[in-house]
Amino acid sequence: MNNSVSSTARLLWAGLRALLVLTLVTGVVYPLAVTGVAQSLFHGAANGSQVSADGAVVGSSLIGQSYDLPLKKGQQTARADLKWFQGRPRNGLGGNTVNRQYQLLLSGATNLAADSEVLGRQVRDAKAAVVRDNSVPGHPVRPAQVPADAVTSSGSGLDPDISPAYAELQVRRVAERNALPAGQVEKLVRSHTEGRTLGFMGEPRVNVLELNIALKSLADEANSGSR
(Lines give C-alpha, C1' and ligand atoms only; values in the text may rest on other atoms or scores of the structure.)
Protein backbone atom coordinates (compact mmCIF):
# COMPACT_ATOMS: atom_id res chain seq x y z
CA MET A 1 0.00 0.00 0.00
CA ASN A 2 2.80 2.39 0.91
CA ASN A 3 4.58 1.60 -2.36
CA SER A 4 1.35 2.26 -4.30
CA VAL A 5 0.81 5.63 -2.61
CA SER A 6 4.46 6.55 -3.10
CA SER A 7 4.35 5.64 -6.81
CA THR A 8 1.15 7.61 -7.31
CA ALA A 9 2.57 10.65 -5.57
CA ARG A 10 5.75 10.42 -7.63
CA LEU A 11 3.77 10.20 -10.89
CA LEU A 12 1.56 13.15 -9.90
CA TRP A 13 4.61 15.24 -9.03
CA ALA A 14 6.25 14.31 -12.36
CA GLY A 15 3.07 15.22 -14.23
CA LEU A 16 2.82 18.52 -12.38
CA ARG A 17 6.43 19.39 -13.19
CA ALA A 18 5.86 18.49 -16.86
CA LEU A 19 2.75 20.70 -16.90
CA LEU A 20 4.64 23.62 -15.40
CA VAL A 21 7.59 23.26 -17.78
CA LEU A 22 5.41 22.90 -20.88
CA THR A 23 3.24 25.81 -19.78
CA LEU A 24 6.34 27.94 -19.37
CA VAL A 25 7.82 26.88 -22.72
CA THR A 26 4.70 26.88 -24.90
CA GLY A 27 2.72 29.55 -23.07
CA VAL A 28 5.44 32.08 -22.27
CA VAL A 29 8.84 31.47 -23.86
CA TYR A 30 7.62 30.48 -27.34
CA PRO A 31 5.03 33.30 -27.75
CA LEU A 32 7.55 35.87 -26.53
CA ALA A 33 10.21 34.54 -28.90
CA VAL A 34 7.84 34.58 -31.90
CA THR A 35 6.60 38.05 -31.00
CA GLY A 36 10.14 39.33 -30.61
CA VAL A 37 11.25 37.94 -33.98
CA ALA A 38 8.11 39.29 -35.68
CA GLN A 39 8.48 42.75 -34.17
CA SER A 40 12.18 43.01 -34.97
CA LEU A 41 12.17 41.54 -38.49
CA PHE A 42 8.58 42.09 -39.72
CA HIS A 43 7.38 45.02 -37.62
CA GLY A 44 4.90 46.41 -40.15
CA ALA A 45 3.27 43.09 -41.03
CA ALA A 46 3.16 41.97 -37.40
CA ASN A 47 1.14 45.06 -36.50
CA GLY A 48 -1.40 44.69 -39.29
CA SER A 49 0.36 46.61 -42.10
CA GLN A 50 -0.95 49.87 -40.66
CA VAL A 51 -1.00 53.01 -42.79
CA SER A 52 -0.56 56.37 -41.07
CA ALA A 53 -1.36 59.90 -42.18
CA ASP A 54 -1.06 63.18 -40.27
CA GLY A 55 0.32 61.33 -37.28
CA ALA A 56 -2.59 58.90 -36.94
CA VAL A 57 -3.31 55.36 -38.14
CA VAL A 58 -5.95 55.59 -40.88
CA GLY A 59 -6.18 51.96 -41.96
CA SER A 60 -4.37 48.90 -43.20
CA SER A 61 -2.78 48.47 -46.60
CA LEU A 62 -4.31 44.97 -46.70
CA ILE A 63 -7.97 45.97 -46.25
CA GLY A 64 -10.01 48.10 -48.61
CA GLN A 65 -11.97 51.08 -47.33
CA SER A 66 -15.08 52.86 -48.50
CA TYR A 67 -15.05 56.51 -49.54
CA ASP A 68 -18.70 57.46 -49.25
CA LEU A 69 -20.69 60.57 -48.44
CA PRO A 70 -22.55 60.62 -45.10
CA LEU A 71 -26.02 59.13 -45.24
CA LYS A 72 -28.81 61.66 -45.58
CA LYS A 73 -32.10 61.37 -43.76
CA GLY A 74 -34.14 58.53 -45.26
CA GLN A 75 -31.25 57.33 -47.41
CA GLN A 76 -30.53 53.60 -47.26
CA THR A 77 -27.36 53.37 -49.33
CA ALA A 78 -24.48 55.80 -49.13
CA ARG A 79 -23.31 57.43 -52.34
CA ALA A 80 -19.66 57.46 -53.32
CA ASP A 81 -17.68 60.60 -52.50
CA LEU A 82 -16.39 61.34 -55.98
CA LYS A 83 -13.48 63.52 -54.85
CA TRP A 84 -11.65 60.29 -53.96
CA PHE A 85 -10.45 57.33 -55.94
CA GLN A 86 -12.92 54.50 -55.48
CA GLY A 87 -12.07 50.86 -54.83
CA ARG A 88 -13.76 47.72 -56.04
CA PRO A 89 -17.44 47.02 -55.35
CA ARG A 90 -18.11 45.49 -51.94
CA ASN A 91 -20.84 43.05 -52.94
CA GLY A 92 -21.09 39.97 -50.79
CA LEU A 93 -20.30 41.53 -47.43
CA GLY A 94 -22.70 40.67 -44.68
CA GLY A 95 -24.00 43.28 -42.30
CA ASN A 96 -23.33 43.26 -38.57
CA THR A 97 -26.78 42.60 -37.14
CA VAL A 98 -25.77 41.82 -33.56
CA ASN A 99 -23.44 44.52 -32.27
CA ARG A 100 -24.80 47.88 -33.35
CA GLN A 101 -22.17 49.82 -31.42
CA TYR A 102 -19.38 48.69 -33.75
CA GLN A 103 -20.21 48.32 -37.45
CA LEU A 104 -17.98 45.35 -38.19
CA LEU A 105 -17.18 44.20 -41.72
CA LEU A 106 -17.74 40.58 -42.68
CA SER A 107 -15.47 39.27 -45.39
CA GLY A 108 -16.99 37.19 -48.14
CA ALA A 109 -17.88 36.85 -51.82
CA THR A 110 -21.29 36.81 -53.48
CA ASN A 111 -21.06 33.12 -54.44
CA LEU A 112 -23.19 33.97 -57.49
CA ALA A 113 -22.71 31.87 -60.62
CA ALA A 114 -21.60 33.44 -63.89
CA ASP A 115 -25.11 32.99 -65.32
CA SER A 116 -26.83 34.54 -62.29
CA GLU A 117 -29.34 37.26 -63.16
CA VAL A 118 -28.54 39.01 -59.89
CA LEU A 119 -24.83 39.10 -60.71
CA GLY A 120 -25.57 40.32 -64.22
CA ARG A 121 -27.73 43.14 -62.87
CA GLN A 122 -25.05 44.11 -60.32
CA VAL A 123 -22.41 44.29 -63.04
CA ARG A 124 -24.63 46.31 -65.39
CA ASP A 125 -25.58 48.75 -62.63
CA ALA A 126 -21.97 49.11 -61.53
CA LYS A 127 -20.80 49.73 -65.10
CA ALA A 128 -23.47 52.38 -65.65
CA ALA A 129 -22.40 54.10 -62.41
CA VAL A 130 -18.72 54.05 -63.39
CA VAL A 131 -19.52 55.53 -66.81
CA ARG A 132 -21.78 58.21 -65.30
CA ASP A 133 -19.53 59.18 -62.40
CA ASN A 134 -16.28 59.33 -64.34
CA SER A 135 -17.47 61.11 -67.48
CA VAL A 136 -16.40 64.76 -67.39
CA PRO A 137 -17.00 67.48 -70.00
CA GLY A 138 -14.92 66.73 -73.06
CA HIS A 139 -13.89 63.31 -71.78
CA PRO A 140 -16.80 60.86 -71.77
CA VAL A 141 -16.18 57.32 -70.56
CA ARG A 142 -17.37 54.53 -72.84
CA PRO A 143 -18.68 51.24 -71.40
CA ALA A 144 -15.94 49.37 -73.25
CA GLN A 145 -13.32 51.29 -71.25
CA VAL A 146 -14.57 50.01 -67.89
CA PRO A 147 -12.23 47.29 -66.53
CA ALA A 148 -13.55 44.17 -64.83
CA ASP A 149 -12.35 45.11 -61.34
CA ALA A 150 -14.48 48.28 -61.46
CA VAL A 151 -17.70 46.25 -61.58
CA THR A 152 -16.91 43.04 -59.67
CA SER A 153 -16.00 42.41 -56.04
CA SER A 154 -13.07 40.27 -54.98
CA GLY A 155 -13.31 36.91 -53.25
CA SER A 156 -12.98 38.57 -49.85
CA GLY A 157 -14.87 41.74 -50.70
CA LEU A 158 -12.08 43.68 -49.00
CA ASP A 159 -9.55 44.00 -51.82
CA PRO A 160 -7.40 47.10 -51.09
CA ASP A 161 -6.09 47.38 -54.65
CA ILE A 162 -7.45 48.30 -58.06
CA SER A 163 -5.95 47.89 -61.49
CA PRO A 164 -3.94 50.75 -63.05
CA ALA A 165 -6.60 50.87 -65.76
CA TYR A 166 -9.36 51.57 -63.24
CA ALA A 167 -7.23 54.16 -61.44
CA GLU A 168 -6.46 55.94 -64.71
CA LEU A 169 -10.15 55.90 -65.62
CA GLN A 170 -10.86 57.95 -62.49
CA VAL A 171 -8.08 60.52 -63.00
CA ARG A 172 -10.06 63.26 -64.75
CA ARG A 173 -13.02 63.02 -62.39
CA VAL A 174 -10.74 63.17 -59.31
CA ALA A 175 -8.74 66.04 -60.82
CA GLU A 176 -11.90 68.04 -61.54
CA ARG A 177 -13.39 67.45 -58.08
CA ASN A 178 -10.18 68.54 -56.35
CA ALA A 179 -9.39 71.43 -58.73
CA LEU A 180 -6.09 69.79 -59.71
CA PRO A 181 -4.41 69.45 -63.11
CA ALA A 182 -5.16 66.05 -64.59
CA GLY A 183 -1.48 65.60 -65.38
CA GLN A 184 -0.55 65.84 -61.70
CA VAL A 185 -3.16 63.30 -60.68
CA GLU A 186 -2.11 60.97 -63.47
CA LYS A 187 1.50 61.24 -62.30
CA LEU A 188 0.31 60.41 -58.79
CA VAL A 189 -1.33 57.22 -60.07
CA ARG A 190 1.82 56.16 -61.91
CA SER A 191 3.99 56.72 -58.84
CA HIS A 192 1.67 54.52 -56.76
CA THR A 193 1.41 51.69 -59.28
CA GLU A 194 3.11 48.53 -58.03
CA GLY A 195 4.39 45.91 -60.46
CA ARG A 196 3.93 42.16 -60.30
CA THR A 197 5.22 40.50 -57.16
CA LEU A 198 8.81 39.32 -57.80
CA GLY A 199 8.30 40.48 -61.35
CA PHE A 200 6.05 37.62 -62.48
CA MET A 201 3.31 36.88 -59.91
CA GLY A 202 -0.07 38.58 -60.00
CA GLU A 203 -0.90 41.77 -61.85
CA PRO A 204 0.14 45.44 -61.50
CA ARG A 205 -1.97 47.17 -58.87
CA VAL A 206 -2.67 50.44 -57.10
CA ASN A 207 -3.41 50.62 -53.37
CA VAL A 208 -6.45 52.90 -53.05
CA LEU A 209 -5.83 53.97 -49.45
CA GLU A 210 -2.23 54.98 -50.07
CA LEU A 211 -3.21 56.73 -53.31
CA ASN A 212 -5.95 58.75 -51.59
CA ILE A 213 -3.57 59.77 -48.80
CA ALA A 214 -1.17 61.09 -51.44
CA LEU A 215 -4.09 62.79 -53.22
CA LYS A 216 -5.13 64.58 -50.01
CA SER A 217 -1.57 65.78 -49.51
CA LEU A 218 -1.40 67.06 -53.09
CA ALA A 219 -4.79 68.81 -52.80
CA ASP A 220 -3.88 70.40 -49.46
CA GLU A 221 -0.61 71.65 -50.92
CA ALA A 222 -2.35 73.11 -53.95
CA ASN A 223 -4.98 74.82 -51.78
CA SER A 224 -2.39 76.31 -49.45
CA GLY A 225 -0.39 77.59 -52.42
CA SER A 226 -3.41 79.31 -53.95
CA ARG A 227 -4.16 81.39 -50.83
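A few notes on this one:
- In the set (1) part of a loop (DSSP other than H, G, I, E, B); (2) modelled with pLDDT of 95 or more, the condition left unmet by Ser156 is number (2).
- Taking every residue in the range 113-131 that is more than 18 Å from Arg90 (Cβ to Cβ) and pairing it with any residue that is assigned to a helix (DSSP H, G or I) and of a type outside the set (S, T, N, Q), at least 6 positions away or on another chain, the pairs with Cβ-Cβ distances below 7 Å are Val131/Pro143.
- Of residues in the range 180-227 being basic (Lys, Arg) and outside any helix (DSSP H, G or I), the one farthest from Ser49 (Cα to Cα): Arg227
- Candidates Glu176, Glu186, Glu168, filtered to the one that is acidic (Asp, Glu), over 24 Å from Ala113 (Cα atoms) and either in contact (Cβ under 8 Å) with a residue 40 or more places away in the chain or outside the structural domain of Asp220 (by TED's automatic domain parsing) (or both): Glu176
- The number of residues in the range 10-43 being of a type in the set (Lys, Arg) and closer than 30 Å to Ser61 by Cα comes to 0.
- Extreme residue, modelled with the lowest pLDDT, among residues of the range 138-153 that are within 24 Å of the chain's Cα centre (by Cα) and in a loop (DSSP other than H, G, I, E, B): Ser153
- Tally of residues being surrounded by fewer than 19 Cβ atoms within 10 Å (Cβ to Cβ) and at positive phi across the range 138-164: 1
- Under the condition of being in a helix (DSSP H, G or I) and surrounded by 12 or more Cβ atoms within 10 Å (Cβ to Cβ), the residues counted in the range 105-137 number 14.
The values are calculated or read from the model by the stated rules, or taken from the named source; none is laboratory data. Remember, predicted model here, so these are calculated numbers, not experimental data. Positions of Cβ are backbone-derived with ideal geometry, glycine not excepted, and every protein chain shown enters the neighbour counts.
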